[in-house]
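A.B. asks: If you scroll down you'll find the structure; I have some questions about it.
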Amino acid sequence: MRPCVGRLDGSIEILGGLRPAARSGTRVVPLTPADVVPLPDDATLMHLPGRTALALDDRGNPFVADGFLTVAAVLPVGYLRTLLPAGRVEAGARRLPLFGYTAVAEHNGRLVAAAIRTDTLAWWQPATRRTEQLGAAVDAARSALPGNRLVDHLAVCALENRCYTAQNTFLRQYEGALPASPACNADCLGCISLQTDGEAPAPQPRMRFAPTAKELVELADYHLGGGEAAIVSFGQGCEGEPLTRDDALVEATREIRKRHPGATVHINTNGSKPHVLRELVAAGCNSVRISAISFTDYIFRAYYRPVGYTLDDVIACGRVMADAGGHVCINLLTVPGLSDAPGEIERTVRAAREMGVRQIQWRSLNVDHDWLIDVLQHRGHALDDGIGMAAALQTAREQLPGVEHGNFTRPVGAMPASPAGV
């Protein structure tokens, strides 16, 4: 294997006489054939500005490749990053945009990435997108739901930001988006719709209005009227925290459940308001996905910067749904060197048991990893004892029998038929 590095003109170069390096938290480690998969077709290669590439010499010592930029891959859905790209942050470098940067190298004449495949659900594969139908599908929704502000909002998400869930909404297949809240009660370092300090660009704009219950019900009814639709989901990347819209969500959920008794009514949330989730469950919500970077309190607070809630509330939200017989999922936001530390794995497993979790979605956290590491180091966290993401996943599988591990939310009831030919 050989290092893959970038030039300032946008080209990449393969370096001879050196070995590829990667990072696990703060540790520079060798990148070996056992760590990689062929670069997926839908991955994106990126140069990391202000980051000088690191490699390893023949003795395994870090080598600074002066004049070359670090190259990273951003993986498609269904893959989990296992190692970070190795680079040295130069003085004055700006914060990176919010992507899940992954180590890459060259092996046997092709590019490879530090990743493992975690989910192959056909509904989320690029081949199912039917993008040639999107324009007509958006026009059809506008005609069917005149004046519904969510249609225009999600049209931007689907057509310009290429959000799969927004696209599904218009194609009336699988999981449809019901963004509900312009406000949030956290200030996450990796928030993809609002960066309060402006140091990193948010990849999509936060919605600027609060949809009414009527607008939410109309869009849900339209989506679920499609023959391949199964789920509607509050809590999307283009909004804040949906549980802050308690009255509207309860009213909407009650009506959606009345019209579509067999549908999955799902909410993606930070788990901040168990009392609101309890009202939603009573109204007909039967699935929740709770995001978590860590179940270690000071790491949780450092990343989420929560306002008015704690980890106890997060755990309680899981119990609310589990006690009602609904589906509980953890959206585990992973960083190699953090999420695969033995103590972190132990606390994640313990929380999953306490919450009645049925699925863990292993996601590569979209953030400037060096910034996050600096924040955690300032709070005394070393990030130097990870056992490897593949080992962490295997440990969780062994210690949580019966819990599903993957990337994608499943319907609570029967799965709709997969797209033809997939």
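The values are calculated or read from the model by the stated rules, or taken from the named source; none is laboratory data. Quick caveat, the model's predicted, so the values are computed rather than measured. When we count neighbours, we look across all protein chains shown, and the Cβ atoms used for this are built from the backbone with ideal geometry, even at glycine. All accessible areas refer to the heavy atoms of the entire protein, side chains included, with ligands and DNA or RNA removed. Shrake-Rupley method; radii C 1.70, N 1.55, O 1.52, S 1.80 Å.
A.B. asks: For the stretch 3-107, what is the relative contact order in percent, using Cα pairs closer than 8 Å and at least 6 residues apart in sequence?
C.D. replies: 31
A.B. asks: Averaging sequence separations of C-alpha pairs under 8 Å and six or more residues apart, then dividing by the length of the stretch 128-246, give the relative contact order as a whole percent.
C.D. replies: That works out to 32 percent.
A.B. asks: Same structure, new question: Out of the stretch 67-148, which GluC sites (Glu not before Pro) are coil in DSSP terms and have no more than 13 other C-beta atoms within 10 Å?
C.D. replies: Glu90
A.B. asks: For the stretch 229-279, just the Cα atoms, rotate onto the principal axes and tell me the three extents in Å, largest first.
C.D. replies: Its Cα atoms span 27, 22, 15 Å along the three principal axes.
A.B. asks: Working only with C-alpha atoms, what are the Rg and Dmax values of the stretch 333-372, expressed in angstrom?
C.D. replies: 11.5, 33
A.B. asks: Please work out the average accessible area per residue across the chain, using the 1.4 Å probe convention, and give it in Å². Spell out each step's value before the answer.
C.D. replies: On the way: 16740 Å² over 422 residues.
Normalised by residue count, the accessible surface of the chain is 40 Å².
A.B. asks: Name the shape class, rounded, prolate or oblate, that the alpha-carbon gyration tensor gives for the chain, where a ≥ b ≥ c are the square roots of its eigenvalues, rounded holds for a/c under 1.5, and otherwise prolate holds if a/b is larger than b/c and oblate otherwise.
C.D. replies: Numbers: a/c = 1.85, a/b = 1.54, b/c = 1.20.
Prolate shape, in that a/c is at least 1.5 and a/b is the bigger ratio.
A.B. asks: Taking the stretch 23-88, which chymotrypsin sites (Phe, Trp or Tyr not before Pro) meet the DSSP loop condition and have no more than 12 other C-beta atoms within 10 Å? Could the numbers behind the result be given before it?
C.D. replies: Values: sites: Phe63, Phe68, Tyr79; in loops: none.
Filter output for the stretch 23-88: empty list.
A.B. asks: Also: With a cut-off of at most 14 other beta carbons within 10 Å, and DSSP calling the residue loop, which GluC sites (Glu not before Pro) in the stretch 155-215 qualify? Please list them.
C.D. replies: Within the stretch 155-215, the qualifying GluC sites (Glu not before Pro) (loop, at most 14 other Cβ atoms within 10 Å) are Glu160, Glu199.
A.B. asks: Ser143 versus Ala390, label points 7 Å from Cα toward the beta carbon: distance in nm?
C.D. replies: With each label point 7 Å from Cα toward Cβ, the separation is 5.2 nm.
A.B. asks: Further, regarding this structure: What is the percent carbon and sulfur in the accessible area of the stretch 1-72, measuring with a 1.4 Å probe over the protein chains and ignoring ligands?
C.D. replies: C and S fraction of accessible area: 50 percent.
A.B. asks: May I ask for the Rg/Rh ratio of the stretch 295-353, computed from Cα atoms with Rh as the Kirkwood radius, given to two decimals? Working shown, then result.
C.D. replies: Working: Rg = 12.2 Å, Rh = 12.5 Å.
Using only Cα positions, Rg/Rh for the stretch 295-353 is 0.98.
A.B. asks: Moving on to the next point. Can you tally the net charge around Phe234? Count Lys and Arg as +1, Asp and Glu as -1, for every other residue whose Cβ sits under 14 Å from the Cβ of Phe234.
C.D. replies: Working: positive: Arg245, Arg254, Arg257, Lys273, Arg289; negative: Glu175, Glu215, Glu239, Glu241, Asp246, Asp247, Glu251, Glu255, Glu279.
Neighbourhood net charge equals -4.
A.B. asks: Here is a further query. Taking a cut-off of 19 Å, what percent of all Cα-Cα pairs in the stretch 141-240 are separated by more than that?
C.D. replies: Looking at the stretch 141-240, the distances longer than 19 Å represent 40 percent of pairs.
A.B. asks: Determine the dipole magnitude for the chain: charges of +1 sit on the beta-carbon of Lys and Arg, -1 on that of Asp and Glu, nothing else is charged, the reference point is the Cα centre, and the result goes in debye to the nearest 20. Before the final figure, lay out the partial values.
C.D. replies: Details: 41 positive and 45 negative charges, 87 e Å.
The calculation lands at about 420 debye.
A.B. asks: Hey, another quick one. Could you tell me the accessible area of His107 in Å² (1.4 Å probe, neighbours in place), rounded to the nearest ten?
C.D. replies: 50
A.B. asks: Normalised by the number of residues in the chain, what is the relative contact order in percent for Cα pairs under 8 Å and 6+ residues apart?
C.D. replies: After rounding, I find 15 percent.
A.B. asks: Separate question: Hey, can you list the DSSP H helices of the chain whose Cα span along the axis is 24 Å or longer and whose average Kyte-Doolittle score is at least -1.0?
C.D. replies: Helix filter hits for the chain: none.
A.B. asks: Compute the separation of the alpha-carbon centres of the stretch 268-292 and the stretch 333-396 and state it in Å as a whole number.
C.D. replies: Rounded to whole Å, the Cα centres lie 23 Å apart.
A.B. asks: Keeping all protein chains in position, work out how much accessible area Lys273 exposes to a 1.4 Å probe, and write it in Å² to the nearest 10.
C.D. replies: 60
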